[in-house]
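Reviewing the structure listed below.
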Protein chains: 2
Amino acid sequence: MSLYSKRGVSAQKEEVHAATKHLNQGLYPHAFCKIYPDFLGQDANWVNVMHADGAGTKSILAYLYWKQTGDSSVWKGIAQDAIVMNLDDLLCVGIYDNIVFNSTIDGNKHFIPGEVLAAIINGSQEIFDLLNNYGVHIHYLGGETADVGDVVRTIAVNGTMTCRWPADKIISNDKIAAGDVIVGFASDGQANYETEYNSGLGSNGLTSARHDVLSKWYANEFKESYDNNLPNDVVYIGKHLLTDEITLPNSTQKTTIGKLLLSPTRTYAPVLTYLLQHHFEEIHGLIHCSGGGQTKCMKYLPGNFTIVKDNLFTPPVIFDIIQQNSGSNNKEMYEVFNMGCRMEVYCKPEAAAIMIAAAEQHGIAAQIIGRVEASDTKQLIIQLPNEELRY
Amino acid sequence: MSLYSKRGVSAQKEEVHAATKHLNQGLYPHAFCKIYPDFLGQDANWVNVMHADGAGTKSILAYLYWKQTGDSSVWKGIAQDAIVMNLDDLLCVGIYDNIVFNSTIDGNKHFIPGEVLAAIINGSQEIFDLLNNYGVHIHYLGGETADVGDVVRTIAVNGTMTCRWPADKIISNDKIAAGDVIVGFASDGQANYETEYNSGLGSNGLTSARHDVLSKWYANEFKESYDNNLPNDVVYIGKHLLTDEITLPNSTQKTTIGKLLLSPTRTYAPVLTYLLQHHFEEIHGLIHCSGGGQTKCMKYLPGNFTIVKDNLFTPPVIFDIIQQNSGSNNKEMYEVFNMGCRMEVYCKPEAAAIMIAAAEQHGIAAQIIGRVEASDTKQLIIQLPNEELRY
């Protein structure tokens with residue numbers, strides 16, 4: 001049994017898919033988000049998308065960091081995580097504007113005071129104000145907070161986005177074809193709309209990352225930060241405190257394990273807003289490498305293809321740290337984490353330069369990471385310098 | 001310190017209101033839900049509402065009942081709770097149709113298997129199918145499920161609704177005026193669209209109700225069902241097992257404590273759909289007596305009034321059971337629970353008969369429970385047969 005399973009986390013969610021298969025699956029089976037007729041406007045030229053996601057267990061990391069350091073600014077990062085995990089999914093179907101958002105915050109009042117709720121709520125509005133400058137208009141229509149300490153140990157931060165969008169401006173992934181290349185956008189570094197180095201971690205795989213990297217000290221000191229029914233050998237089995245200092249590779253810049261784990265999920269909205277406005281026709285597909293990591297694309301292919309990823313980025317340092325602590329093999333790592341690439345654009349080879357330039361103009365590294373090949377079955381080959389992974 | 005406070009539950013949510021006061025408060029300050037311009041359609045004649053709510057800690061009761069009896073049908077009730085806690089709030093601003101919904105289910109995989117998720121998801125669709133027969137069209141646009149056992153002890157079931165609605169068909173509560181009467185719709189009994197007796201409890205005050213009514217046996221047997229940091233003297237301090245039998249008053253019908261506590265929250269949608277379609281002008285205000293119980297109305301008054309409620313229903317048996325177990329006084333009970341009346345219609349005295357007849361036609365008891373009087377300050381007087389409560 002994997003560490004992942006022992007901790008009660010299923011990256012692939014088979015059970016949920018079985019439960020939802022009877023529901024309306026939307027208009028485009030391969031689109032990254034479910035797309036529905038325009039129930040809200042009754043206009044055949046428009047569609048509706050409603051999407052929910054959240055910060056997951058990353059809120060626990062923020063809690064630990066805040067308790068240990070007193071720095072409550074991390075809660076704004078959690079607000080960003082809950083927003084971007086929604087927004088960047090919507091980007092993948094071509095939506096970047098005209099969105100309404102509301103948040104659901106379930107908290108345990110014994111551990112989470114009003115100042116934390118205020119930091120999350122106000123932080124959400126600040127992020128929307130920033131995105132506004134890039135033509136991404138998201139209206140914050142309130143939300144619900146509930147004191148449910150018998151259900152929630154610390155805090156759960158979720159959000160929902162709803163939008164109407166022109167039907168002819170949807171990315172359905174149906175244009176993905178043999179011969180396409182995959183342009184990857186780096187998850188780490190510092191985009192020119194970010195204020196500090198981003199580790200690239202996003203908001204997936206954080207249950208693993210937290211337990212694998214952090215020291216047993218947290219298990220004893222903060223019993224509210226994990227399921228006390230978990231076997232001791234999977235709880236906080238790493239070497240680090242959140243305050244441990246790290247020097248970034250090829251740099252003199254110092255940071256901490258906590259900052260790396262808590263880097264707010266980067267949004268690619270400024271880059272994709274530009275590309276969707278000016279190069280819509282050239283974009284054949286978009287994949288947000290969230291839960292499922294580098295295997296995420298396999299759920300949205302419009303046919304049998306072999307996806308070859310043979311030029312991925314060198315994984316950022318946070319993934320080295322996680323792997324060194326957990327002892328996970330590469331196959332597991334690439335199935336859980338984005339490993340340095342959180343957004344994929346599928347396009348013809350001749351369009352790749354446009355995609356790469358748009359990312360680089362925003363200070364984000366980008367390159368052709370792989371390609372789509374004709375095949376009799378769906379398969380994924382990840383070619384690392386010294387190892388081939390097959391899924 | 002009250003039992004309510006010791007358990008980390010704040011009925012009035014002062015801290016959250018302080019945190020959200022900087023956000024856009026919408027177009028109508030006294031409306032039951034925040035109402036915004038039509039961001040989704042850019043039409044001045046329409047408005048948008050986005051609303052989030054959930055089953056709260058009622059999911060724990062379902063969990064205990066399911067573990068103890070093996071009856072998984074209670075999870076459909078939790079789906080109904082999450083839906084109706086949203087829908088009946090929307091009804092209060094006049095919205096009964098053209099709604100999109102999605103759900104957010106955070107679960108602990110160690111305790112909540114896939115069959116439970118399936119029961120909630122499929123149960124949601126069944127409820128929408130039923131409402132469809134009453135002209136209430138809610139489209140289920142999917143949702144998110146997350147394995148977050150380190151955050152959530154058992155399961156948290158939340159939902160979000162978004163809708164566009166004609167601006168001239170909004171109930172803003174601004175028409176509430178001195179001289180109005182308050183028609184109350186009973187929360188208990190069996191509406192002609194319900195399949196069994198409804199205790200009237202709704203989905204508020206369930207943390208109190210669960211701990212006050214259920215026996216310490218649950219604390220020992222199901223440690224995952226409460227915050228283990230709570231002082232022992234507030235955890236499961238009642239006399240009952242969920243399977244304890246009760247004969248309903250003035251009836252030979254038997255039921256159990258579990259069935260009474262888990263009665264799915266009644267929706268008033270069939271009644272209010274009729275009234276909003278045919279008697280919109282006569283409705284001055286609508287209040288869903290959810291969190292805050294019989295004091296809820298005080299947050300939505302458009303001016304200084306004395307609200308006198310001197311003819312409330314005799315509280316249904318579930319509230320007697322809760323009060324007998326908790327020893328709460330009447331002032332506390334009416335501030336937390338609906339006490340038998342979960343929906344209030346404010347109207348002129350001459351329109352009351354219309355409202356009452358509409359409820360009765362659906363098998364729901366209704367009567368004039370009070371009135372709105374001119375006043376220099378906002379105050380609420382609840383006159384019980386032998387006691388006057390002032391808030």
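The values are calculated or read from the model by the stated rules, or taken from the named source; none is laboratory data. It should be emphasised that the depicted structure is a prediction, and the values quoted were computed from it without experimental measurement. Don't worry about glycine lacking a Cβ; one is built from the backbone with ideal geometry, like all the others, and counts go over all protein chains shown. Areas reflect the complete protein model, heavy atoms only, side chains present, ligands, DNA and RNA absent. Shrake-Rupley method; radii C 1.70, N 1.55, O 1.52, S 1.80 Å.
Scanning segment B:88-129 for residues that are out of contact with any strand residue (DSSP E or B) (no Cβ under 7 Å at 6 or more places or on another chain) and within 18 Å of B:Arg266 (Cβ to Cβ) gives B:Tyr96, B:Gly123, B:Glu126, B:Ile127, B:Asp129.
Of the helices (runs of 4 or more DSSP H) lying entirely inside segment B:273-391, those containing at least 3 residues that are over 28 Å from A:Thr145 (Cβ atoms) and outside the structural domain of B:Leu242 (by TED's automatic domain parsing) are B:317-326, B:352-361. Of all residues in segment B:63-92 being of a type in the set (S, T, N, Q) and not in a helix (DSSP H, G or I), which is nearest to the other protein chains (Cβ to nearest Cβ)? The selected residue is B:Ser72.
Filtered by the rule that a residue be more than 15 Å from A:Asn228 (Cα to Cα) and of a type in the set (Ser, Thr, Tyr), segment B:215-246 gives B:Ser215, B:Tyr218, B:Tyr236, B:Thr243. For segment B:291-306, give me each residue that is among the aliphatic types (A, V, I, L, M) and open to solvent by 10 Å² or more (accessible area, probe 1.4 Å). Across segment B:291-306, the qualifying residue is only B:Met298.
For segment B:52-107, a residue qualifies if it is touching a Lys or Arg at 6+ places or on another chain (Cβ under 6 Å) and at negative phi, and the qualifying residues are B:Leu61, B:Asp81. Looking across B:Asn122, B:Asn98, one residue alone is under 30 Å from A:Leu206 (Cα atoms), in contact with a His (Cβ under 8 Å, 6 or more places away or on another chain) and modelled with pLDDT under 95. It is B:Asn122.
Just checking, does segment B:46-59 include any residue being of a type in the set (Lys, Arg), in the same structural domain as B:Cys341 (by TED's automatic domain parsing) and open to solvent by 10 Å² or more (accessible area, probe 1.4 Å)? Checked against the condition, which is being of a type in the set (Lys, Arg), in the same structural domain as B:Cys341 (by TED's automatic domain parsing) and open to solvent by 10 Å² or more (accessible area, probe 1.4 Å), segment B:46-59 yields no hits at all. Could you list, in sequence order, the residues of segment B:120-152 that are open to solvent by 30 Å² or more (accessible area, probe 1.4 Å) and either closer than 20 Å to B:Gly56 by Cα or part of a helix (DSSP H, G or I) (or both)? Scanning segment B:120-152 gives B:Asn122, B:Gln125, B:Glu126, B:Asp129, B:Leu130, B:Asn132, B:Gly143, B:Glu144, B:Asp147. Out of all the residues in segment A:168-188, which are touching a Gly at 6+ places or on another chain (Cβ under 9 Å) and open to solvent by 50 Å² or more (accessible area, probe 1.4 Å)? Passing the criteria: A:Lys169, A:Asp174, A:Lys175, A:Ala178.
Under 14 Å from B:Ile176 (Cα atoms) and of a type outside the set (A, V, I, L, M): which single residue out of B:Lys331, B:Lys378, B:Lys296, B:Lys309 fits that description? Sole residue among the options that is under 14 Å from B:Ile176 (Cα atoms) and of a type outside the set (A, V, I, L, M): B:Lys378.
Restricting to segment B:34-45, give me the number of residues that are facing chain A (nearest Cβ under 7 Å), within 14 Å of A:Asn98 (Cα to Cα) and open to solvent by 10 Å² or more (accessible area, probe 1.4 Å). Final tally of qualifying residues: 2.
Scoring B:Gly123 on the criteria (1) of a type in the set (Gly, Ala, Ser); (2) within 9 Å of chain A (Cβ to nearest Cβ); (3) under 16 Å from B:Val84 (Cβ atoms) leaves a single failure, condition (2). Can you find a residue in segment B:12-30 that is aliphatic (A, V, I, L, M), open to solvent by less than 10 Å² (accessible area, probe 1.4 Å) and in a loop (DSSP other than H, G, I, E, B)? No, that holds for no residue. Here segment A:125-150 is the region considered, the condition is being more than 20 Å from B:Asn48 (Cα to Cα), among the acidic types (Asp, Glu) and more than 22 Å from the chain's Cα centre (by Cα), and the residue that is modelled with the lowest pLDDT is A:Asp147.
Collect the residues in segment A:220-239 that are among the polar types (S, T, N, Q) and exposed (fewer than 13 other Cβ atoms within 10 Å of the Cβ), keeping them in residue-number order. Let's see the steps before the verdict.
In the first step, residues of segment A:220-239 are kept if they are among the polar types (S, T, N, Q); the result is A:220, A:225, A:228-229, A:232.
Correct list: A:Asn220, A:Asn232.
Residue count for segment B:28-49 satisfying the condition of being free of Cβ contacts under 8 Å to residues at least 60 places away in the same chain and of a type in the set (A, V, I, L, M, F, W, C): 1. If I ask for residues that are touching a residue at least 60 places away in the same chain (Cβ under 8 Å), at the interface with chain B (Cβ under 7 Å from one of its Cβ atoms) and assigned to a strand (DSSP E or B), which ones from segment A:99-119 would you list? Within segment A:99-119, just A:Val100 meets the criteria.
Report whether or not A:Val345 is open to solvent by less than 10 Å² (accessible area, probe 1.4 Å), closer than 22 Å to A:Leu87 by Cβ and in contact (Cβ under 8 Å) with a residue 12 or more places away in the chain. So A:Val345 fits the description; yes.
Among the candidates B:Ile95, B:Ile60, single out the residue that is at the interface with chain A (Cβ under 10 Å from one of its Cβ atoms), among the aliphatic types (A, V, I, L, M) and over 16 Å from the mean Cα position of the chain (by Cα).
Numbers: B:Ile95 fails: at the interface with chain A (Cβ under 10 Å from one of its Cβ atoms).
The match here is B:Ile60.
Looking at segment B:189-210 only, could you name the residues that are open to solvent by 20 Å² or more (accessible area, probe 1.4 Å) and under 14 Å from the mean Cα position of the chain (by Cα)? Hit for segment B:189-210 is B:Asn204, nothing else.
Residues checked against (1) more than 23 Å from A:Ser203 (Cα to Cα); (2) of a type outside the set (S, T, N, Q); (3) surrounded by 15 or more Cβ atoms within 10 Å (Cβ to Cβ); (4) under 22 Å from the mean Cα position of the chain (by Cα):
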site	(1), (2), (3), (4)
A:Glu282	yes, yes, yes, no
A:Cys289	no, yes, yes, yes
A:Val308	yes, yes, yes, yes
A:Leu312	no, yes, yes, yes
A:Pro315	no, yes, yes, yes
A:Gly327	no, yes, no, no
A:Ala358	yes, yes, yes, yes
A:Ala366	no, yes, yes, yes
A:Tyr391	no, yes, yes, yes
